[in-house]
Amino acid sequence: MSAGSVAQRSWRSFIGGRQPHLPRTVGRGRDGYTLRQRFWASFIGVDLPSASLGTVPTAEASAGLPMPSSRESTRSGLLTGRLEPGWFALPPLLEVSGLTAAGGDALILEASSPDRGARFLVRRHGTVPPEYRLELVLQGVDAARPLVSSVRYATASGNEQVLLVPVIQGQFGPPASLVRLPGFTADSASAEWTARAPAPVTPSTAWDAATVADSVRAALNEATRAAWRQVRELVGDDLRRVIDGGLS
C-alpha cells in the first residue's frame, strides 16, 4: 500500500496526524473532544476548532442523538440561537424504505432530551395516509406526580402544532405515554420540530385551552389518559373543564 493511500490518509486524519510532504494544519484530533466527535469530524472532512475557542459539547449531552449537518443545525436553530429557553431541536426523521415492524409500525425517530431523562420515539403507523405516533419514556426520573413535556411541529397545512404530553408513574415499567401526532407528515421535521423536557405542573402553569383540548384528544392509551386525570387536579377550573371534555 502506498504512503498516500486512502486508508492511511483517513487514519492520519482521525488521529490528528499529517502526511510528511504537507504543511501542518489545524488537527482533527484535538484534546477536549470525545472520540466520537473526532471520528465524526474525520468522516465529514472538517477541522475541529481549538477547544479553547468555545465550549465543546459533552458526550452526555450529545450521546444517542444523530449529529446534524451544519445546514440542519442552522435550520433547527442550534447554531442561530433562536430556540426559546427550555426548548431543544429534535433530529431529522429516519429514512424508511417500505419495511415496517410487526403490527405495521416503523420507528422513524429515537432521540433523548439533553439531560437524558426522556426518550422521544416517533413511529409511523401503516395506514393510508400514515398516522404518526409519539411515545415518551422517562428514565431515572421521579414521576410520582405528573410531568408534562411539549412537542412542536409544522402540520401538513403549514400551521404550527403544539402538543402537551403528560407522564406519570404506572404500576409497571418506566413512566411512559403514547399520543397521536395530528397533522404530522414526513415534512414536519422542520424548524418547528422541537421539544421541551418534562416538567412538573405548578400553580403558575398556564396553557392555551385549545392546545390542551388537542393534547387530551391525542392520547392513545389509558396510561396517558390517567396522566391527564392527575394533571386535572393541579390546574384551574377552566382547564379542568377542557380536560374533562377531552376525556369524555
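What order do you get for R124, R133 when you list them from fewest to most C-beta neighbours inside 10 Å?
Numbers: R124 23, R133 18.
With the sparsest Cβ surroundings first, the list reads R133, R124.
Applying the Karplus parametrisation 6.51 cos²θ - 1.76 cosθ + 1.60 with θ = phi - 60° to the phi angles of the range 192-206, what ³J(HN,Hα) value in whole Hz is obtained for each residue in order, glycine and proline being reported as x?
Couplings: 7, 6, 9, 8, 10, 5, x, 9, x, 8, 10, x, 8, 4, 10 Hz.
Using Cβ contacts closer than 10 Å as the measure, can you line up Y153, Y132 from fewest to most?
Values: Y153 26, Y132 22.
Fewest-to-most ranking of Y153, Y132: Y132, Y153.
Pulled fully out, how much extra length does the chain show between R241 and Q171, if you take 0.36 nm times their separation in residues and subtract their Cα-Cα distance? Spell out each step's value before the answer.
Values: separation 70, 0.36 × 70 = 25.20 nm, distance 2.73 nm.
Result for the pair: 22.5 nm of gain on full extension.
Provide the gained length on full extension for the span D142 to A199, in nm with one decimal, where the gain is 0.36 nm per separating residue minus the Cα-Cα distance.
Working: separation 57, 0.36 × 57 = 20.52 nm, distance 1.07 nm.
Full extension of this stretch gives 19.5 nm more.
Bear in mind that the values in this text are calculations on the coordinates, not laboratory data. As the structure is a computational prediction, the values presented were derived from the model and not from experiment. All Cβ positions, glycine included, derive from the backbone under ideal geometry; neighbour counts span all protein chains shown.
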